[in-house]
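Bear in mind these aren't lab numbers, they're just calculated from the coordinates by the rules spelled out. Computed from a predicted structure; not experimentally measured. Neighbour counts run over all protein chains shown; Cβ positions are idealised from the backbone, glycine included.
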Amino acid sequence: DWTMEEFVGKEIARIREICGETGRVIGAVSGGVDSTVAAKLMHEAIGDRFHAIMVDNGVLRRDEAAQVNVMLNKDLGVNLTIVDASDLFLSRLEGVEDPEQKRKIIGNTFIHVFEAEAAKLDSAEVDKGKIEWLLQGTLYPDVIESISFKGPSATIKTHHNVGGLLEDMRLKLIEPLRELFKDEVRALGRLLSIPASLVQRHPFPGPGLAIRILGPVTRAQVQILQQADAIYLEEIRAAGLYERISQAFAVLLPVRAVGVMGDRRTYEQVVALRAVQSEDFMTADWFVFPPDILRRISSRITNEIAGINRVTYDITSKPPGTVEWL
Ligand code: XMP
C-alpha cells in the first residue's frame, strides 16, 4: 500500500541520490504523457541539470513542436531544446512506401539527431560536467514486455524505442516510471500539476504521420494529413467525446476517387478516419459515433482541405485489424 504523494517524495529523493550534486541528465520528449511526466519529475528533482530534447521529425501533428515548447518550457519550466530535423527525416523518407522501412529510417535518424544534440550540449556547457544519464519514460508493462517479449505488437511491428542510444553514448539509464501503470502515470501527472488536457492525451506513435500516409511521405502529403487530423480531433473534443475514445486519427489513402464540386468533376485523395476503444491496445473495438458528428467531420474535411474529396470510416476491430493501418 502506497500513495502517489509518497511515491513522488521517494522517487525525487532517489533521483537526487543517483545524480549527486552535479550529475546531468538528458531525455527525449515527444509531447506524450509518459515523457512529459518523466521530464517534469526530473525537473522537480534536479532542476536545470535535466535537459529535455524534442526532435521535430517532420511527421508530427500540426503545431505540435510549438505546443510542447509552450507547455513544457513556458508553463512547466523544463529546460528544453527543440531540434527541427524535418528536412533530414523527409529527405531520408523520400520514395519509401514499406512501413517497416519507414519505422527503421525514423528510428535510426532519431538516434542520430538526438546524439548530435546531446554532444552539442555536452561541449557547450563543459563547465557543468559531462552528461551521464539518459531519462526514459519506461512503464511497468514495457519492463514486463521486454523481459518476456510476449506482446504481439513487439513481433508484428517494430515499435521504435531508443534502446540503442545507451550503447552508443555510454549513458546510464534512469527510469523513474518503471514501476507504474499508465493510469498511475496519469495520476502522477495530475499531482505534478500537468494540465488535464495533456494527462488525458491519446497515444501517438513514434513514427508519427509517416505510418498514417499509406504511400510515399512528402511535405505536401504531411500537410494534408495534418489538416484532416486537426479537424477530426477538434470535432471530437467539441463533441465531448475525446475521453471516451482511446485513440483517434486520420489516415491518408494512396488512391484517388472521383467526386463533384459545383459543375466540375474532381479526382482527389481519400481520407480514412479511425477511432477505437481499448484497455491495453492488444485488442480494440471501433468506436460508434453519433451520425451527426461524422457528418460534420466529413463535410469539414472535404470543404476545408484542398485535395480531399472523400472520407471513409474504419469499422474494423483489433483483431483482425491493428490500430494503425501500417
Ligand atoms: P497496433 O497498430 O500495433 O498499435 O495495433 C497498437 C498501439 O501501438 C501504437 N503503435 C506504435 N507506437 N511506434 C510507436 O511508438 C510504432 O511504430 C507504433 N506502431 C503502433 C499505436 O498507435 C497503438 O497505440
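How large is the convex hull of the C-alpha atoms of segment 269-326 per residue, in Å³?
Looking at segment 269-326, the number lands at 86 Å³ per residue.
Tell me the relative contact order for segment 231-326 as a rounded percent, counting alpha carbon contacts under 8 Å between residues six or more apart.
With pairs under 8 Å counted, the relative contact order is 29 percent.
Report the local net charge at residue 83: Lys and Arg +1, Asp and Glu -1, summed over other residues whose C-beta lies under 10 Å from its C-beta. It would help to have the intermediate numbers written out before the result.
Numbers: positive: 120; negative: 56, 84, 117.
Taking every Cβ under 10 Å from that of residue 83, the sum is -2.
Please find, in a Gaussian network model of the chain (springs between Cα atoms separated by less than 10 Å), the residue of 129, 137, 206 whose mean-square fluctuation is greatest.
129
Using all alpha carbons of segment 202-326, what is the percent of pairwise distances in each 10 Å bin, ordered from the shortest bin to the longest?
That works out to 13, 45, 34, 7, 1, in percent per bin.
Count the lysine pairs in the chain whose Cα atoms sit under 14 Å apart, keeping only pairs 8 or more residues apart in sequence or on different chains.
Values: 40/74; 102/157; 104/157; 120/128; 120/130; 130/172.
So the count works out to 6.
Just for the Cα atoms in the chain, what are the lengths along the principal axes, largest first, rounded to whole Å?
Answer, in whole Å and largest first: 72, 45, 39 Å.
Rank 308, 147, 26 by mean-square fluctuation in a GNM of the chain with C-alpha springs under 10 angstrom and give only the top-ranked residue.
Largest GNM mean-square fluctuation: 147.
In percent, what relative contact order does the chain have, based on Cα pairs under 8 Å that are 6 or more apart in sequence?
Result for the chain is 16 percent.
Taking 1 over the mean of 1/r across every pair of different Cα atoms in segment 2-53, what Kirkwood radius in Å do you get? Mind dumping the intermediate values first?
Working: mean 1/r = 0.0877 Å⁻¹.
Its Kirkwood hydrodynamic radius stands at 11.4 Å.
Taking the Cα centre as origin and putting +1 on Lys and Arg beta-carbons and -1 on Asp and Glu beta-carbons, what dipole magnitude results for the chain, to the nearest 20 debye?
820 debye
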